[in-house]
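Data first, discussion second: the structure below is written as structure tokens.
Every number in this text was worked out from the coordinates using simple rules, so none of it is lab data. As the structure is a computational prediction, the values presented were derived from the model and not from experiment. When we count neighbours, we look across all protein chains shown, and the Cβ atoms used for this are built from the backbone with ideal geometry, even at glycine.
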Amino acid sequence: MKTVRSIRGLALTGVAALGLIAMTPAMAESDFQTGPGALAANADLDFQVIIPRFISFRVGSTGATVDTVEFTVAAANVGNNSPVSRTNAAGAPVGVALLSNVGNVNLSATGSGAGLVNGGNTIAWTEIAGTSSDAANLPVPGIGAGATSLTATNGVINRSADWTFTYANSAVVGAGTYTGTVTYTASAP
């Protein structure tokens, strides 16, 4: 019996010692100085800030709204090579904003299908042109024309512009409402 009690006592002592070790707080670097005269004790503490990579890109309204840019051609002007400006939203340009911290960014535009479609009729994407209020820093990429590279400053791009679109109106096409979607993409390696 004495042996069992001794082993239990040792086991409890060991568990209590482990508990005390586990409760010992982690200590930062420390320095202890003693002696006569002026004293200084130094201790270092390292800091770290982690910033995630991100790209925030908006074309049009904020949120999940997909804006529509509409061109209404007057019957007397169909196919006369006179460009038509946006007719909905009071002809307002489309606001664009790009904020990123990933370095240089490529902008591209991809149109759905071969162009804007109305039944079996199509208007080619080349009939839609865009201009930017800040063409040097945030140009409108051509639809299907490949990527346009934007250069970052200190790894950051923070730009905004207004994009204005026109319909070239270079051919007579069948009557109807032609629709399609252009996906603008900001990407970085």
> Which residues, counting only those in the stretch 50-68, are under 17 Å from Thr181 (Cβ atoms) and either over 27 Å from the mean Cα position of the chain (by Cα) or surrounded by 11 or more Cβ atoms within 10 Å (Cβ to Cβ) (or both)?
Replying inline: Phe57, Arg58, Val59, Gly60, Ser61, Asp67, Thr68
> Taking the stretch 141-178, which residues are β-branched (Val, Ile, Thr), in contact (Cβ under 8 Å) with a residue 60 or more places away in the chain and closer than 19 Å to Gly130 by Cβ?
Replying inline: Thr164, Thr166
> What is the number of the single condition among (1) closer than 24 Å to Ile55 by Cα; (2) over 18 Å from the mean Cα position of the chain (by Cα) that Phe71 does not meet?
Replying inline: (1)
> Of Thr153, Thr166, Thr177, which residue is surrounded by 14 or more Cβ atoms within 10 Å (Cβ to Cβ) and either touching an Asp or Glu at 6+ places or on another chain (Cβ under 7 Å) or not basic (Lys, Arg) (or both)?
Replying inline: Thr166
>> Looking at Ile51 and the list (1) β-branched (Val, Ile, Thr); (2) under 20 Å from Ser187 (Cα atoms); (3) in a strand (DSSP E or B), which single condition is not satisfied?
In response: (3)
> Of everything in the stretch 101-117 that's in contact with a helix residue (DSSP H, G or I) (Cβ under 8 Å, 6 or more places away or on another chain) and touching a residue at least 12 places away in the same chain (Cβ under 8 Å), which residue is nearest to Gly174 (Cα to Cα)?
Replying inline: Leu116
>> I'm checking my understanding of the structure. Among residues of the stretch 54-98 that are of a type outside the set (A, V, I, L, M) and in a strand (DSSP E or B), which one is farthest from Ala175 (Cα to Cα)?
In response: Ser56
> Between a first residue in the stretch 118-132 that is free of Cβ contacts under 8 Å to residues at least 24 places away in the same chain and a second residue that is surrounded by fewer than 17 Cβ atoms within 10 Å (Cβ to Cβ), which pairs have beta carbons less than 8 Å apart while being 6 or more apart in sequence or on different chains?
Replying inline: Ala124/Ala114
